[in-house]
Amino acid sequence: MDSVFLDTNVVLDFYIERQPHHDVSLKLFTRLKQTKARCFTSAVVIANAYYVLTKLEGLEYAIDKIRRLRKLVAIARIDDSVIDAAIASPYKDFEDSIQFHCAILNKIDTFITRNIKHYPKAQLRIADPSQFLGAAKLET
């Protein structure tokens, strides 16, 4: 079974019910949970989601959603090599670069994001939630 990395925008689409993306993120999270897929995200995604959820919905809501997210995802390691690779990369968005290199370092197969144009496809599979759901061959 493939391992997947969930980017910030996918997590936020799900938890703040951001339309028109919430419906597909709901299907994605449901599928990942049902199949017991190997899901990852980074501490950066957790921190970003916490920050946004706290601002929009309050502290208790944010903590509850982060707890629920942690039941689905493992935290992929970020170390010196990830930061150094992000610094050296030509990507305009430093945070995106950290996430990308984090997924590579942790040998994650598929990076799920709505910002697929921000990432090169040479080193790992990049898919938006709809693409992933359409092509996923996850075990049930």
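Right, Ala135: small (Gly, Ala, Ser), at pLDDT 95 or above and surrounded by fewer than 17 Cβ atoms within 10 Å (Cβ to Cβ) or not?
Here the answer is no, as Ala135 does not meet what is asked.
Say we look at the stretch 33-45 and pick out the residues that are assigned to a helix (DSSP H, G or I) and under 12 Å from the mean Cα position of the chain (by Cα); which of these is surrounded by the most Cβ atoms within 10 Å (Cβ to Cβ)?
Val45
For the stretch 93-140, name all the residues that are closer than 21 Å to Leu32 by Cβ, among the aliphatic types (A, V, I, L, M) and not in a helix (DSSP H, G or I).
Residues satisfying the conditions are Ile108, Ile112, Leu124, Ile126, Ala127, Ala136, Leu138.
Being under 15 Å from Lys33 (Cα atoms) and more than 13 Å from the chain's Cα centre (by Cα) is the filter here, so list the residues in the stretch 66-80 that pass it.
The answer is Arg67, Arg68, Lys71.
Looking only at the stretch 46-77, which residues are under 15 Å from Ser3 (Cβ atoms) and in a helix (DSSP H, G or I)?
Leu72
Out of all the residues in the stretch 68-87, is one or more over 20 Å from Asp109 (Cα atoms) and touching a helix residue (DSSP H, G or I) at 6+ places or on another chain (Cβ under 6 Å)?
no
Tell me yes or no: at least one residue of the stretch 81-94 is modelled with pLDDT under 95, among the hydrophobic types (A, V, I, L, M, F, W, C) and within 16 Å of the chain's Cα centre (by Cα).
Scanning the stretch 81-94, I find at least one residue that is modelled with pLDDT under 95, among the hydrophobic types (A, V, I, L, M, F, W, C) and within 16 Å of the chain's Cα centre (by Cα), so the answer is yes.
Would you please name the residue that is farthest from Ser42 (Cα to Cα), looking only at residues in the stretch 74-111 that are in contact with a Lys or Arg (Cβ under 9 Å, 6 or more places away or on another chain) and surrounded by 15 or more Cβ atoms within 10 Å (Cβ to Cβ)?
Here the answer is Thr110.
Pick out the one residue from Ile108, Ile126 that is more than 21 Å from Ile16 (Cα to Cα), at pLDDT 95 or above and touching a strand residue (DSSP E or B) at 6+ places or on another chain (Cβ under 9 Å).
After ruling out the rest, the residue left standing is Ile108.
Return only the number of the condition from (1) part of a helix (DSSP H, G or I); (2) under 19 Å from Phe111 (Cβ atoms); (3) without any contact (Cβ under 8 Å) to a residue 12 or more places away in the chain that Pro90 does not satisfy.
(1)
Determine whether Ala37 is at pLDDT below 95 and in contact with a strand residue (DSSP E or B) (Cβ under 9 Å, 6 or more places away or on another chain).
In short, yes.
Does any residue in the stretch 1-12 that is touching a residue at least 12 places away in the same chain (Cβ under 8 Å) come within less than 6 Å, Cβ to Cβ, of a residue that is of a type in the set (Val, Ile, Thr) and in a helix (DSSP H, G or I) six or more places away or on a different chain, and which pairs are these?
Thr8/Val45; Leu12/Val52
From (1) closer than 17 Å to Asn115 by Cα; (2) under 16 Å from the mean Cα position of the chain (by Cα), pick out the condition that doesn't hold for Leu53.
Result: Leu53 passes all but (1).
The values are calculated or read from the model by the stated rules, or taken from the named source; none is laboratory data. Source: prediction; values computed, not measured. Ideal geometry is used to build each Cβ from the backbone, glycine not excepted, and the neighbour counts take in all protein chains shown.
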